[in-house]
Every structure is written in structure tokens, then in C-alpha cells.
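Participant: I have a structure I would like to understand better, so I am pasting it below and will then ask my questions one at a time.
The values are calculated or read from the model by the stated rules, or taken from the named source; none is laboratory data. What you see is a predicted model, and the numbers here were worked out from it, not measured in a lab. Here the Cβ is made from the backbone with ideal geometry for all residues, glycine too, and neighbour counts use every protein chain on show.
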Ligand SMILES: C[S@@+](CC[C@H](N)C(=O)[O-])C[C@H]1O[C@@H](n2cnc3c(N)ncnc32)[C@H](O)[C@@H]1O
């Protein structure tokens, strides 16, 4: 698969159905994908997303909340302040996992919504993380526009995106096979080129704070102008 032959992605309903798996299998599969498709590590992801939590935080496309929980543990280990977190996801089964994980804990709310159509007022959130999900969204521009809308001026967005595989044999081929499988299954909409993601983030109105590429993963921190 190359950029020039990008296959048509699935609808948000098909994507939500593809995410209907047992939370334990989702987590094991996620670790495998992180290592062999993203060519990235949990530690790198912690460093990308862990610092980006303001007093009222939106974790968009939060999945089962496994990664969110790891981030919050990392924050507590770093003695960073506690925050209120709202998690959003379009797959009800993923949300059920998140609800279960944080049940009974204060400061957490989980809502079923499409990233491109969120039930929040303008400027509600200090920070937003979109972790491992830009490349899963069928309407990524709509999702970025909505993210921009619900953030306070001066608020920051941390996101990453899966890139078209690069690197030497056999790693490029392995990542390519995993991506093709993910697209067929519906858990991946499309990989990206980093310039394309950067352009879409800027087009949504954000200004770039920092970005970098590691393995097949583009990490970006952007700000809604104050
Ligand atoms: C690879 S998972 C990442 C989950 C979590 N952020 C993590 O890092 O483990 C991608 C998530 O995006 C969600 N998703 C896909 N399309 C969505 C949409 N249109 N709106 C909200 N969430 C969506 C999926 O349901 C899935 O939970």
C-alpha cells in the first residue's frame, strides 16, 4: 500500500463495530501494533501525552482507557496535578471498558460521541489528547475542527498519527502488512504523511508548538491561538 493507492476507509459505524473486541485482546493487540506498526514505545507515548493535561482535559477517542490510566499513573509518579477528565469515543464497547476501569473515581466522565460532532460548548477544555487515533477517524478534518472549537484559547492539543511505513527490511514490510490488515478490519482508516497531518492541524486553526517523527509515528503539540 502506498499513498497513491489509498483504499477507501470505512464509515464511523463500521469502525465502531471493528472495535467491538474484548478489552484484554484490544490491549494485547495494541501493544503489538505499537511495536511493529508504529515502531514506537510506551515511554515515548507517555512523554508525548503525559504533560498535556490542563485542569479540564478531553481525552478524545479514549478507547478502553488503558492508555489514559497509564498516563495518569505516569503523572502521579511525576507528582503532576490531578485534573478532571472527560473521555469520548464512538465505539460503545470501548467506552464500556473505560467506564468500568474508572468506575467510582471522582473527576471522570465518559461520553459516546463522534469526534466530528461533540456535545460540548465552545472553549470548554484546557487541553485535548488524541492518542493513537487520528488515523482511525473517518472525518479527521471534522474531528480537528471540533477539537479546536471545544478548546479554550491558549489550550494545547497533543496528538500522534501513524505514518506510511518507512525504514529497512523487514520492518517496513511488517508494518505495511499490519496496516493492510487494520484497514481491512476497520480499526485503521489510513496512515498519513507527516506533512499532510501538519497541514490539516494548521487548517483547523491551530498553531504548531512542536513536532517530531520517530519510527512510523508523527507526534505533534499544537495550540489554539490565545
Ligand atoms: C487505536 S484506538 C486508540 C485508543 C486510545 N486513545 C489509546 O491510545 O489506546 C482508536 C480509537 O478511536 C476511536 N474512534 C474511531 N472513530 C471515532 C470517531 N469518529 N469518534 C470518536 N472516536 C473514534 C475508536 O473507537 C478507538 O477506540
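Participant: Among residues belonging to region 126-141 that are surrounded by fewer than 24 Cβ atoms within 10 Å (Cβ to Cβ) and farther than 20 Å from residue 12 by Cα, point out the one that is farthest from the chain's Cα centre (by Cα).
Facilitator: The extreme case among them is 126.
Participant: Just checking, how many residues over region 1-23 are away from the ligand (no atom under 13 Å from the Cβ) and either closer than 19 Å to residue 90 by Cα or at pLDDT 80 or above (or both)? Before the answer, list the steps.
Facilitator: Kept after step one, since they are away from the ligand (no atom under 13 Å from the Cβ), are these residues of region 1-23: 1-8, 22.
Those left that are additionally either closer than 19 Å to residue 90 by Cα or at pLDDT 80 or above (or both): 22.
Residues in region 1-23 being away from the ligand (no atom under 13 Å from the Cβ) and either closer than 19 Å to residue 90 by Cα or at pLDDT 80 or above (or both): 1 in total.
Participant: Looking only at region 179-221, how many residues end up being part of a helix (DSSP H, G or I), surrounded by 21 or more Cβ atoms within 10 Å (Cβ to Cβ) and touching a helix residue (DSSP H, G or I) at 6+ places or on another chain (Cβ under 8 Å)?
Facilitator: 3
Participant: Is there a residue in region 58-68 that is more than 15 Å from the chain's Cα centre (by Cα) and farther than 18 Å from residue 179 by Cβ? Break it down into steps so the answer makes sense when it comes.
Facilitator: As a first pass, look at region 58-68 and keep what is more than 15 Å from the chain's Cα centre (by Cα): none.
Within region 58-68 (the criterion being more than 15 Å from the chain's Cα centre (by Cα) and farther than 18 Å from residue 179 by Cβ), the answer is no, since none of the residues qualifies.
Participant: Find the helices (runs of 4 or more DSSP H) located wholly in region 9-124 whose residues include 2 or more that are within 26 Å of residue 214 (Cα to Cα), and list them.
Facilitator: The helices (runs of 4 or more DSSP H) meeting that bar are 23-36, 42-49, 66-77.
Participant: So which pairs qualify, if the first residue must be in region 64-87 and in contact (Cβ under 8 Å) with a residue 12 or more places away in the chain, the second must be in a loop (DSSP other than H, G, I, E, B) and away from the ligand (no atom under 13 Å from the Cβ), the Cβ gap must be under 6 Å, and the two must be at least 6 apart or on different chains?
Facilitator: Within 6 Å, the pairs are 83/53; 83/55; 84/107.
Participant: Whether any residue in region 62-85 is within 9 Å of the ligand (Cβ to nearest atom) and within 21 Å of residue 148 (Cβ to Cβ) is what I want to check.
Facilitator: There is at least one residue in region 62-85 that is within 9 Å of the ligand (Cβ to nearest atom) and within 21 Å of residue 148 (Cβ to Cβ).
Participant: What do you reckon, is residue 44 over 15 Å from the mean Cα position of the chain (by Cα), surrounded by 15 or more Cβ atoms within 10 Å (Cβ to Cβ) and more than 9 Å from the ligand (Cβ to nearest atom)? So that I can check it myself, show each step before the final result.
Facilitator: Working: over 15 Å from the mean Cα position of the chain (by Cα): no; surrounded by 15 or more Cβ atoms within 10 Å (Cβ to Cβ): yes; more than 9 Å from the ligand (Cβ to nearest atom): yes.
Here the answer is no, as residue 44 does not meet what is asked.
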